[in-house]
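Encoded as structure tokens, here's the structure I'll be asking about.
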Amino acid sequence: MKYLTHTLPWIYSILSYFFFGGMIFTMMTQYPNWDYNLPESMVIRNSFYAETDPGTFFQFFGPIINFVFLGMIILIWQIKKVRNLFLIQFVTFLLIGIGTGVLIYPILDELAINTIPLEQIHNLLQKFKLLDSIRAFIAIISVVLLTFSMIEFNKSIYSKELNTK
């Protein structure tokens with residue numbers, strides 16, 4: 001049990017950092033191409049995403065992270081400060097996921113239609129960029145909270161181990 005208590009926070013953190021890295025990768029490498037040469041760039045985007053898209057990556061890792069979090073939070077429940085930091089961090093993670101599903105995906109679904117007028121594409125992209133900027137800001141907060149959570153977790157674990165020797 002001690003092994004799981006020590007490793008699950010690390011597994012959760014690594015998966016979360018990997019998840020957030022995927023967000024940064026997508027924002028830096030794919031989004032700038034979408035409005036590069038409208039409307040052709042959207043037709044190319046839609047063709048490129050015909051089989052799978054970045055959502056596939058996030059929809060795969062999101063539930064895994066949730067299950068690891070659940071196991072981790074149960075095991076560290078007695079470490080009050082660490083538990084509370086992780087819970088606050090997880091709320092930001094959930095906000096990102098819910099916001100993506102409720103606000104971002106509907107815009108992406110509309111952008112997947114190749115026959116919409118150019119003005120509508122511009123409006124949708126502007127709305128997407130605004131919402132995605134908010135999502136990125138929440139992600140930065142989440143990463144900072146995750147880092148502080150791990151620092152506090154390590155302090156609590158190592159201070160207990162040092163006191164028991």
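Read-outs: derived from the displayed coordinates by stated rules, not from any lab. Predicted model, so just to flag it, every value in this text is computed and none were measured. Using ideal geometry, Cβ is built from the backbone for each residue, glycine included, and neighbour counts are taken over all protein chains shown.
I want to check a number: in region 2-164, how many lysine pairs have alpha carbons closer than 22 Å, given a sequence separation of 8 or more or different chains?
Here the count comes out as 8.
May I pose another question? Need the full-extension length gain, T56 to E40, defined as separation in residues times 0.36 nm minus the C-alpha distance. One decimal, nm.
Gain on extension, T56 to E40, equals 3.4 nm.
Please compute the contact order of the chain in relative form: average sequence separation of alpha-carbon pairs under 8 Å and at least six residues apart, divided by the residue count, as a percent.
33
Further question on the same structure: Say a paramagnetic label sat at a point 7 Å from the Cα of T7, along Cα to Cβ; which residues of region 59-93 have their backbone N under 19 Å from it?
64-77
Which shape class, rounded, prolate or oblate, goes with region 2-164 when its Cα gyration tensor gives a ≥ b ≥ c as root eigenvalues, a/c under 1.5 marks rounded, and past that a/b bigger than b/c marks prolate?
Taking the square roots of the gyration eigenvalues as a ≥ b ≥ c, region 2-164 is prolate.
Mean residue ellipticity at 222 nm from the helices of the chain, using -39,500 (n - 2.57) per DSSP H segment of n ≥ 4 over the full residue count, to the nearest 500 deg cm²/dmol?
On the way: 7 runs with 137 residues, N = 165.
It lands at -28500 deg cm²/dmol.
Once you order the gyration tensor axes a ≥ b ≥ c over the Cα atoms, which shape class does region 81-165 get: rounded for a/c under 1.5, otherwise prolate or oblate by comparing a/b with b/c?
Numbers: a/c = 5.38, a/b = 4.36, b/c = 1.24.
Prolate, since a/c reaches 1.5 and a/b exceeds b/c.
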